[in-house]
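Below is one structure; the comments refer to it alone.
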Amino acid sequence: MTKAAAIHQFFSSFGLMAYTTTSVPEDAVFPYLTYELITSAWEEGDVGLTVNLWYHTESEAVPNAKAQEMSERIGRAGCVVGCDGGYIRLMRGSPWCQSLKDEADDAIKRRYINITAQYFTEN
């Protein structure tokens, strides 16, 4: 599985539609998440990825619970995602999660999440 496919599979495993930030369809239905697809390789250093959770709700609890689920899945030591030629280690970035307001609609709740990726692949 390519690095891009492995990252997509991981983010799709949270029960939400997952889109790269450059491929969100105009008819996307809440809730969903977006992520930056940034790839790297062995010894090229840590890569910062951003994930955004998008909900249309009056409740802060719902998006907060999903952010907590992601945090628990990644864990304190990170988690490993297999891919062609090696693996990717995903870790919680700092700060982990920020609550953002949408200027267009107060019912749109967004969580801005920082993830650090280490690519243990040849290329």
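Every read-out reported here was derived from the displayed coordinates using simple, explicitly stated rules and does not represent laboratory data. Because the structure is a prediction, the values reported are computed rather than measured. Ideal geometry is used to build each Cβ from the backbone, glycine not excepted, and the neighbour counts take in all protein chains shown.
One table, with the values for the structure above:
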| quantity | calculated |
| --- | --- |
| Distance from the stretch 12-27 to the stretch 69-106 (C-alpha centre basis), Å | 15 Å |
| Cut-off under 5 Å, modelled amide H: who pairs with His56 long-range | Lys109 |
| Point-charge dipole on Cβ atoms (K/R +1, D/E -1) for the chain, about Cα centre, debye to 20 | 420 debye |
| Within the chain, helix-based [θ] at 222 nm, where runs of 4 or more DSSP H residues each add -39,500 (n - 2.57), nearest 500 | -6000 deg cm²/dmol |
| Listed values (i) 37; (ii) 47; (iii) 29, entry calculated as percent of Cα pairs over 21 Å apart | (i) |
| Set of lysines with alpha-carbon distance to Lys101 below 29 Å, sequence-local pairs under 8 removed | Lys66, Lys109 |
